[in-house]
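Report on the structure given below.
The values are calculated or read from the model by the stated rules, or taken from the named source; none is laboratory data. Source: prediction; values computed, not measured. As a convention, Cβ positions derive from the backbone with ideal geometry for all residues, glycine included, and neighbour counts pool all protein chains shown.
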Amino acid sequence: MRLDQLPRSENVDDRRGGTDSGGGAIRIPGGRGGIGIGTLIVLALVGWFLGIDPRLLIEGTDILTGGDRTQQQTPDTPDTREAQGPSDQMKEFVSAVLGSTEAQWGKIFKAAGRTYEPPTLVMFSGATRSGCGFAQSAMGPFYCPLDRKVYLDTSFFRDLERRFAACDAGSKACQFSQAYVITHEVGHHVQNLLGILPQVQQMQQSMDKAEANQLQVRVELQADCLAGVWANRSQQEWQFIEPGDVEAAMQTASAIGDDRLQRQSQGYVVPDAFTHGSSAQRTRWFMNGLKSGTVESCDTFNTARL
């Protein structure tokens, strides 16, 4: 993945090492919450998934147990300190990816007669405050619709390589997988601007858990597709995709499918508990967006085949 031509964003709030970040016992209060890329199916793995279930957070439910829970944070590892080295390549990378989303979604919204309002991306270490309560590294990257910000503890990218084997550790193609994670969350911001997230949350309130989960799957798969739209438009403009990049993103999408995560954690699959879609579904919808480059191709709510 080539970054040289991508525009840089000024909407990066770097809180790593600040007073809002770091260790100590952090209590997650009840309150309203956000949309994420992860899943709540397995409590033992929730801290390692790509985000959180927005319905649970919006309704004021603790992301782990349904009630208040204290989480013990650990100090930054040497790897985290290294990521904040003199050149700070991670911040440069995040700024480039976010800047490219601003450019592409700005054009898409303008063509539709609307104005795109970009989100702020908050980089943090360990924990920080958000409009949806405390953001913790255990939650994975997530989007908070209440303050319209994406929250990212970049140490999660190492987990993609080491814990999930979601891309080949140390490969340059892993950057495209990381960009997929960021642009998925930006996809949730696009859904919020379009009014999709509030409508979904309202509908979920009158559904049983299985029905609400099915609707949530459609939300997440659409965000995957919107990430693919970003990749398509950015490739047309900057030719930034290199050999192996798309394959790495597909490897990541497959690694975080609900079926694969359930099978790894409990040995069997419970489709009614899916909140983000199967490995096949996640890869298919990302590729839908990547191939078409159109928002219209991402209508996960009016299709019988996910």
Exclusive hit being modelled with pLDDT under 50 and crowded, with 18+ Cβ neighbours inside 10 Å, set Asp79, Asp68, Asp153, Asp62: Asp62
I'm told Arg305 meets every condition in (1) modelled with pLDDT of 95 or more; (2) surrounded by fewer than 16 Cβ atoms within 10 Å (Cβ to Cβ) except one. Can you identify the failing condition by its number? (1)
Just to check your reading of the model, which residue among Thr115, Thr101 is in contact (Cβ under 8 Å) with a residue 24 or more places away in the chain, hydroxyl-bearing (Ser, Thr, Tyr), closer than 24 Å to Val200 by Cβ and touching a helix residue (DSSP H, G or I) at 6+ places or on another chain (Cβ under 9 Å)? Thr101
Among (1) more than 30 Å from Glu92 (Cβ to Cβ); (2) in a helix (DSSP H, G or I), Met207 falls short only on (2)
Could you check segment 250-281 and list, in sequence order, the residues that are under 12 Å from Glu220 (Cα atoms), modelled with pLDDT of 75 or more and either in a loop (DSSP other than H, G, I, E, B) or aromatic (Phe, Trp, Tyr) (or both)? His276, Gly277, Ser278
For Gln236, work out the one condition from (1) closer than 19 Å to Glu296 by Cβ; (2) crowded, with 20+ Cβ neighbours inside 10 Å it doesn't fulfil. (2)
Any residue in segment 3-14 that's in contact (Cβ under 8 Å) with a residue 60 or more places away in the chain: show its pairings with residues that are loosely packed, with under 14 Cβ neighbours inside 10 Å at Cβ separation under 6 Å, as long as the two are six or more apart or on different chains. none
Suppose the filter is closer than 18 Å to Gly228 by Cβ and of a type in the set (A, V, I, L, M, F, W, C); does Leu121 pass it? no
In segment 94-150, the residues that are polar (S, T, N, Q) and at pLDDT below 95: Ser125, Thr128, Ser130, Gln136, Ser137
Restricting to segment 107-135, name every residue that is within 16 Å of Glu185 (Cα to Cα) and of a type outside the set (Ser, Thr, Tyr). Glu117, Pro118, Pro119, Leu121, Val122, Met123, Phe124, Gly131, Cys132, Ala135
Some residue of segment 171-187 being outside any helix (DSSP H, G or I) and modelled with pLDDT of 90 or more: no
May I ask you to say which residue of Phe124, Phe176 is out of contact with any strand residue (DSSP E or B) (no Cβ under 9 Å at 6 or more places or on another chain), closer than 20 Å to Ala96 by Cα and either touching a residue at least 60 places away in the same chain (Cβ under 8 Å) or buried (at least 24 other Cβ atoms within 10 Å of the Cβ) (or both)? Phe176
Return yes when Ser125 is touching a Ser or Thr at 6+ places or on another chain (Cβ under 6 Å) and among the polar types (S, T, N, Q) and no when it is not. yes
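Considering each of Val217, Val246, Val229 in turn, give the residue that is of a type in the set (A, V, I, L, M, F, W, C), within 22 Å of Leu3 (Cα to Cα), in a helix (DSSP H, G or I) and out of contact with any helix residue (DSSP H, G or I) (no Cβ under 6 Å at 6 or more places or on another chain). Walk me through it before giving the result.
Numbers: Val217 fails: within 22 Å of Leu3 (Cα to Cα); Val229 fails: out of contact with any helix residue (DSSP H, G or I) (no Cβ under 6 Å at 6 or more places or on another chain).
After applying the criteria, what remains is Val246.
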